[in-house]
Amino acid sequence: MRIAIIDTSTTRAAIISDGLRDAGLDDLVLIDPAGPLMAQVEAAQPEVVLINLENPSRDQLEDFFTVSRALARPIAMFVDQSDSEATSAAIDAGVSAYVVDGLSKQRIKPVLDLAVRRFHAFSSLQRELDEAKNALAERATVDRAKAILMKRRHIDEPAAYALLRGQAMRTNRRVGEIAEAIVTSDALLGDME
């Protein structure tokens with residue numbers, strides 16, 4: 001597992017590196033926080049990002065949160081001091097583990113494991129939410145298409161659905177695709193009876 005380490009202090013970066021190596025993880029990339037963060041992280045292609053900040057300013061935190069939002073990877077952030085606003089901002093930015101005043105060599109691996117697990121759990125929930133939203137949107141489109149067919153063909157709902165399903169089977173497409181085509185054509189053509 002490739003891990004990118006971002007730290008403003010080489011001493012603290014060494015503590016993180018030692019903790020990871022002790023845990024059997026040695027594919028490590030040190031990122032210079034003074035340089036362009038996103039470019040360096042993208043070039044490193046890490047599977048996990050560990051960020052350690054001693055006393056982060058609001059601007060520094062916002063820069064790191066911007067990086068966090070853009071990455072689709074687990075991120076663990078260690079800070080020496082924080083407040084509820086910074087903690088909330090970290091969670092909103094997608095930081096998987098936000099540890100205040102807890103940097104020690106022995107804690108690095110468990111925090112890394114936590115960050116990875118939380119990231120995967122959140123990603124799974126996000127996928128399920130997206131799938132549910134798409135299913136609801138498709139269902140609404142199918143209902144609109146049935147209503148259009150019912151009005152134009154003077155048929156009931158089961159017959160309208162049977163028309164949609166039959167066309168989907170004949171054309172080897174999903175019912176939702178057929179419904180979308182009907183709704184789109186109705187919007188373009190309107191009442192042409």
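Points worth noting:
- Segments 38-46, 80-88 sorted - mean Cβ within 10 Å per residue, highest first: 38-46, 80-88
- In Å², nearest 10: area of residue 54 left accessible to a 1.4 Å probe: 90
- Heavy-atom accessible surface of region 1-94: percent carbon and sulfur, 1.4 Å: 46
- Here the chain is assigned +1 on the Cβ of each Lys and Arg and -1 on the Cβ of each Asp and Glu. Its dipole about the Cα centre then comes out at about 980 debye.
- Highest-fluctuation residue, 63, 143, 32 considered, GNM on the chain with Cα pairs under 10 Å: 143
- A 1.4 Å probe, protein heavy atoms only, puts the accessible area of residue 129 near 80 Å².
- The residues neighbouring residue 115, those whose beta-carbon lies less than 13 Å from its own, together hold a net charge of +3 under the Lys/Arg +1, Asp/Glu -1 convention.
- Residue-averaged 222 nm ellipticity for the chain, from DSSP H runs of 4+ at -39500 (n - 2.57), nearest 500: -21000 deg cm²/dmol
- Correct choice for Cα extents along the principal axes in Å that was computed from the model, options (1) 48, 34, 30; (2) 47, 35, 25; (3) 77, 34, 28: (3)
- Note on residue 165: accessible area approximately 120 square angstrom, rounded to 10, probe 1.4 Å, nucleic acids and ligands left out.
- Excluding ligands, DNA and RNA, the accessible surface per residue across region 1-90 is 48 Å² with a 1.4 Å probe.
- The chain - share of DSSP beta bridges that are antiparallel (%, nearest 5): 0
- Span-like helix ranges in the chain, DSSP H, alpha carbon extent 15 angstrom or more, Kyte mean at least -0.5: 10-22, 108-153, 157-171, 175-189
- Packing-based order for 91-97, 9-15, using average beta carbon neighbours within 10 Å, highest first: 91-97, 9-15
- Theoretical gain in end-to-end length, residue 100 to residue 138 [0.36 nm per residue, Cα-Cα removed]: 9.3 nm
The values are calculated or read from the model by the stated rules, or taken from the named source; none is laboratory data. This one's a predicted model, so the numbers in the text were calculated from it and none came from an experiment. Ideal geometry is used to build each Cβ from the backbone, glycine not excepted, and the neighbour counts take in all protein chains shown. All accessible areas refer to the heavy atoms of the entire protein, side chains included, with ligands and DNA or RNA removed. Shrake-Rupley method; radii C 1.70, N 1.55, O 1.52, S 1.80 Å.
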